[in-house]
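> Below is a structure I'd like to ask you about.
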Protein chains: 2
Amino acid sequence: MTGTAPTAAPVLPNRGRFRPLGLAEVRITGGFWAERQSVNATATLGHIEHWLEREGWIRNFDLAARGDLGHGRRGREFSDSEVYKFLEAMAWEIGRGGDAGLESRFRAVVRRVAAAQEPDGYLNTKFGRRGQEPRWSDLEWGHELYCVGHLLQAAVARARTRPGADDGLLEVARRAADNVCETFGPAGIDGLCGHPEIETALVEFARTTGDDRYLAQAALFVDRRGHGRLSDIEFGREYFQDEIPVRRATVLRGHAVRANYLAAGAVDIAVELKDAALLDAVRDQWRSTVARRTYVTGGQGSRHQDEAFGGDWVLPPDRAYSETCAGIGSVMFAWRLLLADGDPRYADLIERTLFNVVSTSPSADGRSFFYTNTLHRRELGTEPDADRPSLRAAASLRAPWFEVSCCPTNVARTLASLTSYVATADDEGLQLHQYVPGTVAYRLADGREPRVTVATGYPHDGRIRVRIDSDDDRPWALSMRVPGWAVRGATVTVDGRTRPVGPGVVTERRVWRRGEEVVLSLPVAPRFTYPDARVDAVRGCVAVEQGPLVLALESVDVAGVDTVDDLYVDTGHPPRLVDGRVTVRCRPVHQRDLDWPYHADPAPAPADAEPDEVPLVEYHAWANRGPSTMRVWLPTAG
Amino acid sequence: MTGTAPTAAPVLPNRGRFRPLGLAEVRITGGFWAERQSVNATATLGHIEHWLEREGWIRNFDLAARGDLGHGRRGREFSDSEVYKFLEAMAWEIGRGGDAGLESRFRAVVRRVAAAQEPDGYLNTKFGRRGQEPRWSDLEWGHELYCVGHLLQAAVARARTRPGADDGLLEVARRAADNVCETFGPAGIDGLCGHPEIETALVEFARTTGDDRYLAQAALFVDRRGHGRLSDIEFGREYFQDEIPVRRATVLRGHAVRANYLAAGAVDIAVELKDAALLDAVRDQWRSTVARRTYVTGGQGSRHQDEAFGGDWVLPPDRAYSETCAGIGSVMFAWRLLLADGDPRYADLIERTLFNVVSTSPSADGRSFFYTNTLHRRELGTEPDADRPSLRAAASLRAPWFEVSCCPTNVARTLASLTSYVATADDEGLQLHQYVPGTVAYRLADGREPRVTVATGYPHDGRIRVRIDSDDDRPWALSMRVPGWAVRGATVTVDGRTRPVGPGVVTERRVWRRGEEVVLSLPVAPRFTYPDARVDAVRGCVAVEQGPLVLALESVDVAGVDTVDDLYVDTGHPPRLVDGRVTVRCRPVHQRDLDWPYHADPAPAPADAEPDEVPLVEYHAWANRGPSTMRVWLPTAG
């Protein structure tokens, strides 16, 4: 957008309210996210490569290239996509300045993938060879188009971070995309993929290549969905979002990753094709979903059975599914809406989801992951086997790898590209959506070049100092998001004048001089948060939040206690910061040992025993200290 | 037990606290259960036969007999068992006096089943033929032993209701059982079935045939379980109860039907082999399960994903699984413990489960069924297709048939044999466990012949009049259960003297004269029931019960309302009976339309608007008036 080099960001719409800024325009120089990006680069990428090799998921491509794949293939039907997400993560990391070693590892994997591509462009190790099911024979579950989608996204990442690189990935992707268009075009198979992903990927591939055929194919896939072309399964066609056309649906439903990926693709298409009705539909779906089907963490999907959204208000904290990848899908969807619409509430959800879902999945060392992100853990778990993939999504502790290992690679590509979700620009100036220590610089079409440095200890410190680093005689606008949780107490200080601001956007448009400073001050004191009365599962409970962080009570913080379920919070005393940790005042309930758990009299009240100040843990950091029990929603005393 | 004719009851232990009474000793002559037995006989049995034929599940046996079954087989791997449960239901119904037409239908199905048996006794239409997987090649999921178990139970029912009948079923069963013993005996395959059922069936078959080889085989199967012989699956080996030996487990866990069937078999074995340690173990499991893992309806299993028990206290009312068959399994387990131990709490759970799970499954007309029995339905559903099997267990309304159609046949055999769960005897006299209008007569070993007639409008009327119909100069004891819910206000009247009694058993031992009467009066006024504080999902809610019946609020009873979720109960006013219906006082909450469901302030209190008296429905009767929303647990106002 700034001339010949593409913006190094995963989403580059040709129109919309804001233009994304990429790795060249934004730098994250420290703080919460810089640390996670560093762990991602130094530990997670290598960890992923190790497991991909060890499980044979990259080797599948070698065997395919050698013609030996018949029965020797390993992994589930979507394992190719993990290799592509790994490529995408490496591409972003290389774009962030990854070392030369990473570049050669990237090229080596690309070579192995490319070698397996068939002459007509088809590329999938699971189908079409002797001893395998035919190509496209299982659109419900085969994930062939889904895998191509991830290949395209990897190629887009590469094309935007190393334009013109001679590794061949873009060409591999183009041939795979062409094969999809030929196979599933208007004159081809009248089908669609059981797992959306190809839609958003094809649009982005069109944006990268300038070839609108991919956009048209994406639009065709979106239009085909919702008419029952996929089989009716035990979970219902809703699982695939194939029971109602996307433009007629009113809320996200079915499999939560599928739902968000589809919605992201629908925004892309609506924006490119100026399809206002489609944009309206998915915007309404987003609003309903956020209002009624989203956990306080930002997590989505309450059902284990089908990894799906529950009905409105069905948000049980125990065994909350809240799949890591659904959180990532939600970020993808909300980010596209933010670029299209500009509503800061999209960025609110992104912030909440990044801090409380995406950053919860990886362990502190970046080598194990939550697949699901429950809000209540009742029983001490056991360490997953470090030496084999976990069969179970709902591990009590993070696992190094999974039979279905979508989450580690998805986290890796998200963290490696996180810089591109921080700030945007429009013709008037810059918008800061997420607060990280770092710099933002952008050259507007008319030559103005706003540049700022952000200094902050956010999210633990609510002060965000934005120093102007550029001089221009023409005015430009600096916009900053005031999060929805900052209901009371946020202020902005410019020119020594402080004024209160409420949730939304605060914009200062003026002729800025280098060294001038804007300070946004957000009220990050810990606070109680109450659920809507319709969220039955947490009636009579409170959560504790601190800025965008959700906190939790974890048993390892309470001496002599295995279960956190017998502590009741005294809401008469607000949570407070004690030596850098948030504490709440709790009273124990002395539970009765009973034959039957339903009685003629109400349950006993908490004891009059001396209440304790109990420290909480940031939710994203729980389960890093061995087996524990945990709850986000704490019952209230009295 | 009373000479040559066997007692016509499904469970006849050779020892234990009580002896069961069967169809010859007990008659149900009217009331709640007589009506259900009548619907079962006149509607459900024919409905089942229709669907078994239509889905080809009986025809599978014909094809097998003709050698044509290779690829023509229809139905899931356990469909044979539905045919056997249908046979068992018919056998009990014939024993209750079913018409001649039923006898010939029974014989016709037996002939078709028998024709498919292989020369060595193996009988299963899913395995072992050309084009099929080999016998016993999928112990985890193949259900071959499970199917044999149901065949044995059908044969036992027949042998006890028509001893010596020449239909050949007992011989078919014996050959199948012998094949199992030969195949899985100490020198055979060291395996066990993924779905327990063969264990309890083999014990009963040993009791019927007098051949202890079947008992030994059952004990072997129980001992083999719990050592990880079955594969580790995504749900864990706990799903199959194969992660801990049954004698070391402390609570039921995993798949709720499997868990209860296994526990029932373990009681049988413990009783027959005088294995006190095993009996202690399963008794403790029962107590823990009832105390912490059972819904107020008696339903068990809170997880859809694996049809399994949740952890302790995890009893969400919305999407409660509470599978009908798990309720039946729980009745089987508790009944065996009652016979062994005599503790009236077993009969309490049986009563609760019969009224609120087993009788909830069938529609009023006996032609559609709930597979799962949720305690909270949030959204209006749609009528299931009347013309094809439901793919989904969690239908919003009862469905006529299912792809996995275990529940209709299980309900049918349970209702047809229900008479045998009413009363027992010991050397001292009679014990009444369930209160139905009818008669109980039994000849004790020493020649005394206690006989009573029970007259009652229970459960709606709490008076149970027991009239003595026999004269004997020797005393005998009449015991009556006072249910656990009758905490206050129960009385017994004998000889014109009334005295208060509490939960447990009231026993009157005396020389009884014909025409004397004992009146047990139970406090069936509707009442509020509060959950234990650890059942997080229903904090701040009450249920309403009336005697053993759980009540529910159903939207069709509230004018102009689709959702029942915005009504809050005023617990200051006890529920009352108005024109024969229980009502509670409710206040509406005016819910806010919000962007985000978590707030800095507590949810609004119910409005000060005039409260309404809202009628409740008996839970078992809900969803008989078209699509509706429903809740058992009602939030309380204030």
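The values are calculated or read from the model by the stated rules, or taken from the named source; none is laboratory data. Everything quoted here is computed from the prediction, not taken from an experiment. All Cβ positions, glycine included, derive from the backbone under ideal geometry; neighbour counts span all protein chains shown. Ligands, DNA and RNA are stripped out before the accessible areas are found, and what is left, the full protein with its side chains, is counted by its heavy atoms. Shrake-Rupley method; radii C 1.70, N 1.55, O 1.52, S 1.80 Å.
> May I ask which residue of B:Thr491, B:Ala176, B:His227 lies farthest towards the positive end of the charge dipole of chain B, with charges of +1 (Lys, Arg) and -1 (Asp, Glu) on Cβ and the Cα centre as origin?
B:Thr491
> Set the Förster radius R0 to 45 Å, insert the Cβ-Cβ distance between A:Glu403 and A:Leu577 as r into 1/(1 + (r/R0)^6), and round the FRET efficiency to 0.05.
The computed FRET efficiency comes out at 0.60.
> Sticking with this one: For B:Gly429, which sequence-distant residues (separation of 5 or more, or a different chain) have an amide H within less than 5 Å of its own amide H, given hydrogens modelled in the peptide plane?
B:Ala477
> Can I ask one more? If the label point is 7 Å along Cα→Cβ of B:Ala559, which residues in the range B:603-636 have backbone nitrogen under 17 Å from it?
The answer is B:610-616.
> If you don't mind, there's one more thing I want to ask. Could you work out what % of the accessible surface of the protein assembly as shown is carbon and sulfur, using a 1.4 angstrom probe and leaving DNA, RNA and ligands out of the count?
Of the solvent-accessible surface of the protein assembly as shown, carbon and sulfur hold 48 percent.
> Given the options B:Ala8, B:Pro317, B:Leu444, identify the residue whose Cα lies farthest towards the positive end of the charge dipole of chain B (+1 on Cβ of Lys, Arg; -1 on Cβ of Asp, Glu).
Of B:Ala8, B:Pro317, B:Leu444, it is B:Leu444.
> Report, by chain and number, residues whose modeled amide H sits under 5 Å from the one on B:Arg319, excluding near sequence neighbours (fewer than 5 apart, same chain).
HN-HN under 5 Å from B:Arg319: B:Leu375, B:His376.
> ³J(HN,Hα) across the range B:484-499 via Karplus (A = 6.51, B = -1.76, C = 1.60, θ = phi - 60°), whole Hz, x for Gly/Pro?
Result, rounded to whole Hz: x, 6, 7, 5, 10, x, 6, 9, 10, 10, 9, 6, x, 9, 9, 9.
> Let me ask something else about it. In the range B:576-604, what residues drop by 10 Å² or more of accessible area when the other protein chains are put back, versus the chain on its own? Use 1.4 Å, and skip ligands and nucleic acids.
B:Gln591, B:Arg592, B:Leu594, B:Asp595, B:Trp596, B:Pro597, B:Tyr598, B:His599, B:Ala600, B:Asp601, B:Pro602, B:Ala603
> Which residues' amide hydrogens lie under 5 Å from the amide hydrogen of B:Phe369, considering only partners 5 or more residues apart or on another chain, with H built in the peptide plane?
Sorted by chain and number, the residues that satisfy this are B:Ser363, B:Ala399.
> Now for a separate question. Taking the Cα-to-Cβ direction at A:Ala621 and at A:Ala525 and moving 7 Å from each Cα, how far apart do the two end points lie in nm?
2.2 nm
> I want to check the label-to-label distance for B:His50 and A:Asp570. Put each point 7 Å from Cα in the C-beta direction and report it in nm to one decimal.
Modelled inter-label distance: 6.5 nm.
> Could you sort the residues of the range B:523-560 by number and keep only those whose accessible area is reduced by 50 Å² or more in the all-protein-chain setting relative to the chain alone, 1.4 Å probe?
B:Tyr530, B:Asp532, B:Ala533, B:Arg534, B:Asp536, B:Arg539
> So if I place +1 on the C-beta of Lys and Arg and -1 on the C-beta of Asp and Glu, and nothing else carries charge, what would the dipole magnitude of the range A:522-629 be about its Cα centre? I want it in debye, nearest 20.
It works out to roughly 420 debye.
> Give me the 1.4 Å probe accessible area per residue for the protein assembly as shown, excluding ligands and nucleic acids, in Å².
Ligands and nucleic acids excluded, the figure is 33 Å² per residue.
> To the nearest 20 Debye, how big is the dipole of the protein assembly as shown about its Cα centre, given +1 on the beta carbon of each Lys and Arg and -1 on that of each Asp and Glu?
220 debye
> Continuing with this model, one more query. Give the cross-link partners of A:Lys126 among the lysines, using a straight C-alpha distance below 20 Å as the criterion and excluding same-chain residues fewer than 8 apart.
Answer for A:Lys126, where 20 Å is the Cα cut-off: A:Lys85, listed by chain and number.
> Under the rule a/c < 1.5 gives rounded, and otherwise a/b versus b/c splits prolate from oblate, where does the range A:398-552 land using the Cα gyration tensor?
oblate
> Could you point to the residue in B:Leu145, B:Phe402, B:Gly236 farthest towards the positive end of chain B's charge dipole, with +1 and -1 charges on the Cβ of Lys/Arg and Asp/Glu respectively?
B:Leu145
> Ok, one more. With +1 assigned to the C-beta of every Lys and Arg and -1 to the C-beta of every Asp and Glu, and no other charges, what is the dipole magnitude of the range B:360-438 about the Cα centre in debye, to the nearest 20?
For this selection, approximately 380 debye.
> Taking a probe of 1.4 Å and counting only protein heavy atoms, give the total accessible area buried between chains A and B in Å², rounded to the nearest 100.
Separately minus together, A and B give about 5200 Å² buried.
> Specify whether the C-alpha gyration tensor of chain B places it in the rounded, prolate or oblate class, a ≥ b ≥ c being the square roots of the eigenvalues: rounded for a/c under 1.5, otherwise prolate if a/b is larger than b/c and oblate if not.
oblate
> Now, a different point. With Cβ to Cβ distances under 14 Å as the rule, what net charge do the other residues near A:Val550 carry (K, R +1; D, E -1)?
Counting the neighbours of A:Val550, the net charge comes to -2.
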